[in-house]
Amino acid sequence: MGIVIKDLTKKYGNQLALNKVSFSIEQGEVVGLLGPNGAGKSTLMKSITNAIIPDNGEILVNNSSVNTNPIETKSQIGFLQENNPLYMDMYVKEYLEFVMNIRGEKKQRVAEVIAEVGLTPEQHKKINQLSKGYKQRVGLAQAILSKPEILILDEPTNGLDPNQIIEIRELIREIGKNTTIILSTHIMQEVEALCSRVILLNKGEIVADQPIEEFKGQYQNLE
Ligand code: ADP
Ligand code: ADP
């Protein structure tokens, strides 16, 4: 269960983006992925979601390889991208049903997810009428529609106002009770608020992988 990453390496031309990155995450862990710009966070997330093919190494979700079993593993990995593209002209419920339709899955699940992310009163509104915080809820809903084993969140509170940040973090906390989460961010506070463990990437390599309490003691001056 969970996710195992072994010796993941990716180069763009001569630029090494990931250098033999290995770690594993147990089912139910909420792990913060920290690192400066260019550290390799996006490349790692894109490898897990199979949006790019690494040069070397392996990613196993529930013992199944993401690269060799893309169809089987796709529904087990939910992804909330930074600036998640949404069809702004669609209604919330209509949009989520549309996503399920594309995935060839039953749309009954949509109502459940709408309730889960607190979008019930907004479900018949157009996405472009929603506040940024509510748009992010739609993004989260989309990411958890297929009940993924692993949820990847890329800067999930970026651009939100303080109240919206509190609400989205609360939701992530709820979702994290029964989902493994990898949360990429540059905000240490966010990791402290949500994660039990931190993986710090720099120049394509893991420079720290430890419980949040230990990490806080060691990297007080990170920001
Ligand atoms: P992060 O998300 O932590 O900012 P990235 O994974 O985007 O890091 O980038 C890791 C390294 O790979 C950086 O040096 C970046 O410039 C380089 N890189 C990322 N994507 C590409 C690309 N498509 N072509 C060339 N270099 C890239
Ligand atoms: P992030 O670090 O959040 O991914 P970036 O602005 O670094 O955001 O990257 C945006 C896009 O540009 C990504 O798809 C990434 O792969 C690509 N990219 C990043 N660095 C380079 C680079 N040096 N050359 C070409 N493409 C790059």
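Read-outs throughout are calculated quantities, based only on the coordinates presented, and are distinct from any laboratory measurement. All values reported here derive from a predicted model rather than from experimental measurement. All Cβ positions, even for glycine, are placed from backbone atoms using ideal geometry, and neighbour counts span all protein chains on display.
What to note about this one:
- Listed peptides 7-19, 102-114 by packing density, highest first (mean Cβ within 10 Å): 7-19, 102-114
- Gap separating the Cα centres of the range 3-60 and the range 118-150, nearest whole Å: 27 Å
- In the range 101-223, lysine pairs with alpha-carbon atoms under 15 angstrom apart (chain gap of 8 or more, or interchain): 5
- Tensor-based shape of the range 126-223 (alpha-carbon gyration tensor, a/c under 1.5 rounded, otherwise prolate or oblate): prolate
- Highest to lowest packing among 198-206, 173-181, scored as the average C-beta count within 10 Å: 198-206, 173-181
- Shown here is the pair-distance distribution of the chain: with all Cα-Cα distances grouped in 5 Å bins from zero up to the longest one, the shares run 1, 7, 15, 19, 20, 16, 12, 7, 3, 0, 0 percent.
- Relative contact order computed over the range 115-181 (Cα-Cα under 8 Å; 6+ residues apart), in percent: 34 percent
- Net charge dipole, the chain: roughly 520 debye, given to the nearest 20, about the Cα centre with Cβ charges of +1 for Lys and Arg and -1 for Asp and Glu.
- Relative contact order (%) - criterion: Cα under 8 Å, at least six apart; region: the range 159-223: 22 percent
- Principal axis dimensions, the range 75-167 - Cα atoms, whole angstrom, descending: 36, 28, 21
- As a length-normalised measure over Cα pairs under 8 Å and 6 or more apart, the relative contact order of the chain settles at 28 percent.
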